[in-house]
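Okay, so here's the structure we're looking at.
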């Protein structure tokens, strides 16, 4: 117990010395600030902020690096220390970092911006159009049947540190402008939706990969999952799904009108992070007359991986949780060949905004789970949880295949989404209300009869 009190006293002294040292450095007295800060880390070697500020007391690069590494070792989630080390080692350029408090405003382009044709997919044998074939997982000429192999490389470690991108313009930007595409084959001009990366000329059918000027400040995809099947299979899956369900109308498959499905490679941000939640609560100890409530504190670390955030308005709002799951272990390195003759778009949600959504979701999940982690098997009251200590924050941008569409039944329109990897379907269906009412009445009559029977037997 004496050791605990001594340790606490030293940490308090370290805190006071840190505040003195930081004030000295801020007012220009680096020498005195250095003395206070060195004493602070002597009393408390885990004082990450003291190590960070020590790096500002010297011009020696080796010393700066040492102090920053100690700051990160003491607190892996110290974003300032990680950023400083990245600048020091050249992983992050000083000119790319936004000024503290600076924000990036929307460009709001008024007109469609001309795009450059970055790549076309021409058959070397007949000059026809090469198209990615989901069954072959290669490029195939629609004219002569020539097949061009696409080497598939698994995406083993595509995640990148958030610290190196969030404070830059690339971390704050998103695709904003419609795109003006001029076909190299027939010279016709057409307008592409915001952020579209792949294009097919509506006049001659030539496929191309395009690039807009705004992409210089955007993050390129690291990986994707190839489209798994053609339109015929997608419509078959939709028909089978429409025929399932206890309370769907029996004539749903026959009377569906204007059923349309569109393929797309949809951008998603994928995050992973560690969240250390600190807690304090009154925990019940003892029973009966010996029962008492004791204040306890502690922490618990949650490990999150593959947190998906849709990065495009292509996916309707509120559909993230309903989306049929992807097997992200099957991600492969991004190659433009997979987009040949298949629609694909850049993201319209910035990395910074996407990570805020991911953090909110992780915090929400952690708070829900925390009550069971604090004192398993014992009653807990007045639980207080702090959930702002994130570390190991990584991201990647990937393209995932979807078939998205609508259909009409009666006077209403319904949505349907098909996972382009697994073929799983999600969507909205109408209810057969007479059948549902009949089922509820039958259920009520059954339980009423059962209750009456039990009453007679037990009377």
Checklist line | Hits in the stretch 18-58 - residues which are in contact with a helix residue (DSSP H, G or I) (Cβ under 8 Å, 6 or more places away or on another chain) and part of a loop (DSSP other than H, G, I, E, B) | finding: 44, 45, 46, 47, 58
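The rows are residues; the columns are (1) assigned to a strand (DSSP E or B); (2) closer than 30 Å to residue 393 by Cβ.
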position: 156; (1), (2): no, yes
position: 177; (1), (2): no, yes
position: 181; (1), (2): yes, no
position: 187; (1), (2): no, no
position: 190; (1), (2): yes, no
position: 199; (1), (2): yes, no
position: 205; (1), (2): no, no
position: 209; (1), (2): yes, no
position: 214; (1), (2): no, yes
Checklist line | Filter result for residue 62 (within 27 Å of residue 40 (Cα to Cα) and more than 27 Å from the chain's Cα centre (by Cα)) | finding: yes
Margin query: Going by what's in this entry, would residue 307 be described as in contact with a strand residue (DSSP E or B) (Cβ under 6 Å, 6 or more places away or on another chain), part of a strand (DSSP E or B), at pLDDT below 90 and closer than 30 Å to residue 134 by Cα?
Written below: no
Margin query: Out of everything in the stretch 162-175 that is touching a helix residue (DSSP H, G or I) at 6+ places or on another chain (Cβ under 6 Å) and part of a helix (DSSP H, G or I), what residue ends up being surrounded by the fewest Cβ atoms within 10 Å (Cβ to Cβ)?
Written below: 169
Check: Taking the stated definitions as given, is residue 8 closer than 23 Å to residue 389 by Cα, surrounded by fewer than 20 Cβ atoms within 10 Å (Cβ to Cβ), free of Cβ contacts under 8 Å to residues at least 12 places away in the same chain and out of contact with any helix residue (DSSP H, G or I) (no Cβ under 7 Å at 6 or more places or on another chain)?
Finding: yes
Next item on the list: Could you please let me know if residue 141 is under 20 Å from residue 337 (Cβ atoms), at pLDDT below 95 and buried (at least 18 other Cβ atoms within 10 Å of the Cβ)?
Entry: yes
Next item on the list: Look at residue 293 and say whether it is within 15 Å of the chain's Cα centre (by Cα), assigned by TED's automatic domain parsing to the domain that holds residue 406 and farther than 30 Å from residue 153 by Cβ.
Entry: no
Notebook entry, point to check: For the stretch 135-154, what are the residues that are closer than 30 Å to residue 90 by Cβ and outside any strand (DSSP E or B)?
Noted result: 153
Next item on the list: Filter the stretch 362-396 down to the residues that are within 16 Å of the chain's Cα centre (by Cα) and farther than 25 Å from residue 81 by Cα, then identify the one that is surrounded by the fewest Cβ atoms within 10 Å (Cβ to Cβ).
Entry: 364
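The values are calculated or read from the model by the stated rules, or taken from the named source; none is laboratory data. Predicted model, so just to flag it, every value in this text is computed and none were measured. Neighbour counts are summed over all protein chains in view; Cβ atoms, including those assigned to glycine, are modelled from backbone coordinates with ideal geometry.
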